[in-house]
Amino acid sequence: MITNLEKTALLIIDLQNDFLHPDGAYARGGQVCADIAALPAKVKPVVDSLRAAGGWVVSTQFTLVPGKGGEPFISPHLKKLRPFLGKGDFVPGAWGHALVDALQPADIVIEKVAYSAFYETRLEFCLRKAQIETLLICGIVTNGGVASTLRSAHVRDFNTILLSDGCAAFSSEVHNVAIQSLSAVSQTTTCGEIVRLIGKS
């Protein structure tokens, strides 16, 4: 499952303050989810174990690029889905854009503007330079950023391991269907099992 921990990265998808924190953009917009809020505590043991073993922590962070006057560029489908998003949300360098405190610091931080963290970003460049071969993938949402990023990693011949309980969606049913679908292209396990395997390596 993992052959070299120093060439392994935990790829954290979008576990940012604006998504998870009670003062973040989603909470202000009334979009809260207990399963999503619980993720940092589940992922933290993986972060700690992998860091101690010489592995990497990579955070991909959803970004609303500000244009004139700070008004963000928002895709029409996202604006329709999340009409509360606006100026000041997910701004690069701002508190809301950052990885949640519990999982800090990341070794590599990647701004992303679409579901896949590989789309028009420097993610692949950084992973290749760091000689990373295996990606432990977690974050939100299972059927969106996680699924798109995992499939993009798969076609680029990275060894992928999906942490099924390290991901969540706004619906447990949607999450479960996504996990089942992704298991066709990726190894799938739990955070606890990965911590156990890292400890044995």
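Structure notes:
- Computed helical MRE - 222 nm, the chain, DSSP H runs ≥ 4 contributing -39500 (n - 2.57), nearest 500: -9000 deg cm²/dmol
- Top of S171, S75, S116 by mean-square fluctuation, Gaussian network on the chain, Cα under 10 Å: S75
- Ranked by the mean number of other Cβ atoms within 10 Å of their residues, highest first, the peptides 9-15, 124-130 fall in the order 9-15, 124-130.
- Percent antiparallel among DSSP beta bridges (both partners in segment 1-114, rounded to 5): 15 percent
- Reciprocal mean inverse distance between Cα atoms of segment 1-118 - Kirkwood radius, Å: 15.2 Å
- Here the translational diffusion coefficient of segment 91-144 follows from Stokes-Einstein with Rh set to the Kirkwood radius across Cα pairs; for 20 °C and 1.002 mPa s it amounts to 167 µm²/s.
- Dipole of segment 1-89, positive end: most advanced residue of L50, I74, L10 [Cβ charges, Cα centre]: I74
- By DSSP, the beta bridges lying fully in the chain are antiparallel in about 5 percent of cases.
- Farthest toward positive dipole pole in the chain [+1 Lys/Arg, -1 Asp/Glu at C-beta], among L182, P40, L64: L64
- Lysine pair count for the chain with Cα-Cα distance under 23 Å and sequence separation of 8 or more or different chains is 17.
- What the Cα convex hull of the chain gives, in volume per residue, is 112 Å³.
- If only the Cβ of Lys and Arg carry +1 and only the Cβ of Asp and Glu carry -1, the dipole of segment 1-139 around its Cα centre is close to 260 debye.
- Overall size of segment 129-201 from C-alpha positions, given as principal axis extents largest first: 34, 27, 19 Å.
- Taking every Cα-Cα distance in segment 35-102 and sorting them into 5 Å bins from zero, the calculated P(r) comes out as 3, 14, 18, 19, 16, 12, 9, 6, 2, 0 percent.
Quick note: the coordinates plus some simple rules give every number you see, no bench work behind them. Just so we're clear, the structure is a prediction, and the values are computed from it rather than from any experiment. Please note: Cβ atoms are built from the backbone with ideal geometry, for glycine as well, and neighbour counts cover all protein chains shown.
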